[in-house]
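The structure appears right after this line, and notes come after that.
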Amino acid sequence: MTAAILVGVTGCSTTSDGTPTTPSTPSSRVPSSAESSAPALPHSGAPKVNNPLPESALPENPCDAFTRDQVEAALGSDAPEGERDDDFATGPMCDWTDSASATIITVFFSTKTGEGLSAVYANTKPQTDFWETLPPIHGFPAVMTSFEEASEASCHVIVGLADHYTVSASVANPRKPHATNCDSAERLADMLVGNLLQRAGR
């Protein structure tokens, strides 16, 4: 359920099958009619990312987004290993599912839509049951969102690291109040972005 919600949170109507294409060289490439008519970024009320982080700061495996010590701090010393999933059109994700505490932590890299927070503002904000604009996380714009139908009582924090891509952290635990899950998701998002900044040497 959490994975499905994350796809909805970060999804973009302009991406259909998630199959990346290889662009031609800049000198020979002719923009398609869809590209030429696409709105400039950001759009739909999304804030601009003034000091973007290059995608090269992202680990190839989203399960490497946190250190083992960080995972254990969140889930306990017997925390499970993360399980990677690449079967989403918007980008790779990793779940840590702790059956003992009923907690699921998810990290998602939405790198394939090419619209970053603009897609979230355009597609998610009108449909979500809960939406909050957060103070910047390490200087990057962020929002918090969730859906009432989520049986896991999940909460998602989505951070725009550039105008064209986002990362997110979510926490789901039906045994805890929604506000508690949101507080945990915000802390994990802060930790996630801090780790990426360190990878980028900032």
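For Tyr165, nonlocal amide neighbours, meaning residues 5 or more places apart or on other chains whose placed amide H falls under 5 Å from its own, are Gly116, Leu117.
The phi torsions of the stretch 188-202, fed into the Karplus equation with coefficients 6.51, -1.76 and 1.60 and a -60° offset, translate into couplings of 5, 5, 4, 5, 4, 5, x, 5, 5, 4, 5, 4, 7, x, 9 Hz, rounded to whole numbers, with Gly and Pro shown as x. Site pair Arg175 and Asp64 shows an inter-label distance of 3.3 nm when each label is modelled 7 Å from Cα along Cα→Cβ.
Classify the stretch 104-202 from the C-alpha gyration tensor, please: rounded if a/c falls under 1.5, else prolate or oblate depending on whether a/b exceeds b/c. Because a/c hits 1.5 or more and a/b fails to exceed b/c, the stretch 104-202 counts as oblate. Each residue of the stretch 165-174 was assigned a 3J(HN,Hα) from its phi angle through the Karplus curve 6.51 cos²θ - 1.76 cosθ + 1.60 (θ = phi - 60°); the sequence is 8, 9, 10, 8, 10, 9, 10, 10, 7, x Hz, with glycine and proline shown as x.
Along the stretch 137-144 the Karplus relation, 6.51 cos²θ - 1.76 cosθ + 1.60 evaluated at θ = phi - 60°, assigns HN-Hα couplings of 9, 6, x, 9, x, 8, 9, 10 Hz to successive residues, with x for each Gly and Pro. Rolling a 1.4 angstrom probe over the stretch 121-179 with all protein chains present gives an accessible area of which 53% lies on carbon and sulfur atoms.
The values are calculated or read from the model by the stated rules, or taken from the named source; none is laboratory data. All values reported here derive from a predicted model rather than from experimental measurement. Because the Cβ atoms are built from the backbone with ideal geometry, glycine has one as well, and the counts that use them run over all protein chains shown. Only protein heavy atoms, including side chains, enter the accessible area calculation; ligands, DNA and RNA are left aside. Shrake-Rupley method; radii C 1.70, N 1.55, O 1.52, S 1.80 Å.
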